[in-house]
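Enquirer: Can you read through this structure? Questions will come right after.
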Amino acid sequence: MKRILSIIFVIISIITLNAEEKVDISGVIDWESLQITSTAALELASAGIKLPAGRTQAESLLAEGYTRLIRQGLLTLQIDSSSVVADLMERNELSLSELDMISSFSTSQPPSLTPNMLNMTASFSIPISLINNTLQRHSRPSPVSLTLNPATAAQYTGLIIIASERLPAHGMRSSFLPVPCLFPKIWDSEMNLIYDKNMATPGIPIVRYSSPQNILFNTPSGLSPELQQIAGDRPLRIFARGVFGIKPTDLIIDRTDALLILSNEANRNLLTQGKVVIVLDDSVLRTEF
């Protein structure tokens, strides 16, 4: 309860401060590029700024306003099927100081004036990898599950899991369009856990997300150059069979496909190395705030 009240206090403080100096923010969580990009705008008149003398003050107020307001976007970031950043703070798994430390690593473009000279704006970008690195608490990857009945499987250079259409939800009579999160899980059709964040090497994204057009290139691998750097030139392509979780972020693959991954060490290492690409519908790859 104390954590909930502290989050509410932060939001109220943001609203109150923003009422005095009108700073607005709009942004996008881009799961394909793993970047959080945003634009902050300061209304010069509300801040009592007159140019050119007040330019330095305006830039300072704009930066301070961005630091306050970017929390709103970060709090909504989907971490796993059941949690966003705000939930982690409520459970004391992430502190406000850690959240602000993430935003402090934003890169920005120099502030500029709008054509009507009424507002000053600046663009900012935060790599989602900073949040990933903060939340991956383990020091070494957990072993990937072995199978007692290995299948004959070729050695692949990466895994492409195609989940760009509505899929049936496990245990339900409905279907959903899979959505991205920072730490998705992969299950097989017998509901054995195949992959989660603890199996990946710390410091790397456990999956990369892609739109469908990036796996339809006229190249030997069929992948765009960017995806080929992740999944290599001989990827295993798998169609997801279902989704699981409170949010439809976790994917279910067929047991026979899972065995192709688990049956030899080289393919299991693809999970450890994060060489996993999940293909989702374009409509879910960008989240606005």
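Enquirer: Just the residues that are modelled with pLDDT of 95 or more, over 9 Å from residue 264 (Cβ atoms) and polar (S, T, N, Q), please, taken from the range 147-161.
Expert: Scanning the range 147-161 gives a single hit, 157.
Enquirer: Okay, next question. Please indicate, with yes or no, whether at least one residue in the range 141-160 is β-branched (Val, Ile, Thr), within 18 Å of residue 279 (Cα to Cα) and either outside the structural domain of residue 71 (by TED's automatic domain parsing) or touching a strand residue (DSSP E or B) at 6+ places or on another chain (Cβ under 8 Å) (or both).
Expert: Yes, the range 141-160 contains a residue that is β-branched (Val, Ile, Thr), within 18 Å of residue 279 (Cα to Cα) and either outside the structural domain of residue 71 (by TED's automatic domain parsing) or touching a strand residue (DSSP E or B) at 6+ places or on another chain (Cβ under 8 Å) (or both).
For every residue, the table says whether it meets (1) at pLDDT 95 or above; (2) buried (at least 18 other Cβ atoms within 10 Å of the Cβ); (3) among the aliphatic types (A, V, I, L, M); (4) in a loop (DSSP other than H, G, I, E, B).
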position: 11; (1), (2), (3), (4): no, no, yes, no
position: 28; (1), (2), (3), (4): yes, no, yes, no
position: 50; (1), (2), (3), (4): no, no, no, yes
position: 57; (1), (2), (3), (4): no, no, no, no
position: 66; (1), (2), (3), (4): no, yes, no, no
position: 69; (1), (2), (3), (4): no, yes, yes, no
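Enquirer: Please determine, by comparing only the residues of the range 97-124 that are in contact (Cβ under 8 Å) with a residue 60 or more places away in the chain and touching a strand residue (DSSP E or B) at 6+ places or on another chain (Cβ under 6 Å), which one is surrounded by the most Cβ atoms within 10 Å (Cβ to Cβ).
Expert: Selected residue: 120.
Enquirer: If you don't mind, another one. Specify the residue that is modelled with the lowest pLDDT; the eligible residues are those in the range 130-146 that are of a type outside the set (Gly, Ala, Ser) and over 21 Å from the mean Cα position of the chain (by Cα).
Expert: So the residue we want is 146.
Enquirer: Quick one: residue 204 ticks every box in (1) among the aliphatic types (A, V, I, L, M); (2) farther than 22 Å from residue 134 by Cα; (3) modelled with pLDDT under 95 except a single one, so which number is it?
Expert: (2)
The values are calculated or read from the model by the stated rules, or taken from the named source; none is laboratory data. Not measured: the values here are computed from a predicted model. FYI the Cβ positions are ideal-geometry reconstructions off the backbone, even for glycines, and counts take in every protein chain you see.
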